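Data block below; observations after.
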Amino acid sequence: MRVLVAPQLETSLASPMLGRILNLNVSLGSTFAKGKALVEFDCKEQAARVAMGAAEVAAARENHEAKLRLQGLQAAAEVDVALAAAALDKARAQSALYRAQAAQCTVSAPFAGRVAKVHVKPHQSVTAGQPLVDIVQPTPPKLRLNVPSKWLAWLTNGRVFTVAIDETLRVYRARVTAINARVDAASQTIELEASVDKAGPELLPGMSGTAQFDLP
């Protein structure tokens, strides 16, 4: 059976906003740690909004506290205090929105891995949803293969088999880790996933090979 080496995790990171790329901190094939800032946007406007939001919160809080003091002196109506409290809540919500928008100025790595493709360049203007970089977590790799559905009579998770990878010219020991819940009606095959015992760094996503099972 033919086998494909697949990454443990892979995803395409897209731009969360409309803006201009300030720093592109990765390149094709480069490695990165979880949480690393991969792409940074020019966000002077967002920073100004955050400062403006903080000032609005401070002003609304001061107004609310003043209304409370006046109410204690019976110089402010209850409705005035309620309106000041509502204005403070609104200012806090607006400030939280500005901070959330500013947080989108940095696209961080959701996991440690390597860069498979870079779609953009530094100082390029991008739109929201535009692909930025494709990333993969290459280790430990997993195998994907399709086997005859008749094998379900004896095939179970944990089944051990061998796989010869074309690119490395090496034979590895592997074991079935997942069996698809549906048989392909056209080909009468079922998809499997498997893990590789003692997989080395030479195994890269996209490699292929041949799996051999010992039939019962």
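Note on Val171, Val107: ascending count of other Cβ atoms within 10 Å places them as Val171, Val107, the fewest first. Over the residues of the chain, the helix contribution to mean residue ellipticity at 222 nm works out to -9000 deg cm²/dmol, using -39500 (n - 2.57) for each DSSP H run of at least 4.
Between the alpha-carbon centres of segment 3-46 and segment 169-216 there is a gap of 30 Å.
Scalar couplings 3J(HN,Hα) for segment 171-176, obtained by applying the Karplus form with A = 6.51, B = -1.76, C = 1.60 to θ = phi - 60°, are 10, 10, 8, 9, 9, 5 Hz; x denotes Gly and Pro.
The fewest-to-most ranking of His119, His64 by surrounding Cβ atoms within 10 Å reads His119, His64.
Between (i) 1.27; (ii) 0.95; (iii) 1.06, which entry matches Rg/Rh (Cα atoms, Kirkwood Rh) as derived from the coordinates of this structure? Here the calculated entry is (i). Mean-square fluctuations from a GNM of the chain, with a 10 angstrom spring cutoff on Cα atoms, peak among Gly72, Gly113, Gly206 at Gly72. Each residue of segment 22-31 was assigned a 3J(HN,Hα) from its phi angle through the Karplus expression (A = 6.51, B = -1.76, C = 1.60, θ = phi - 60°), giving 8, 9, 10, 8, 9, 9, 4, x, 6, 9 Hz with x at Gly and Pro. Close amide H partners of Ser30, meaning residues 5 or more places away or on another chain with modelled amide H under 5 Å apart, are Val115.
Relative to the longest principal axis of the Cα atoms of the chain, the long axis of helix 44-72 makes an angle of roughly 50 degrees.
Annotated for the chain: lysine pairs at least 8 residues apart or interchain, Cα distance under 27 Å, count 15. Relative to the dominant Cα principal axis of the chain, helix 78-103 is inclined by about 40°.
Read the figures in this text as sums done on the coordinates, not as results from a lab. Small disclaimer: the values here were computed from a predicted structure and weren't measured. Note that we place each Cβ from the backbone using ideal geometry, even for glycine, and neighbour counts take in every protein chain shown.
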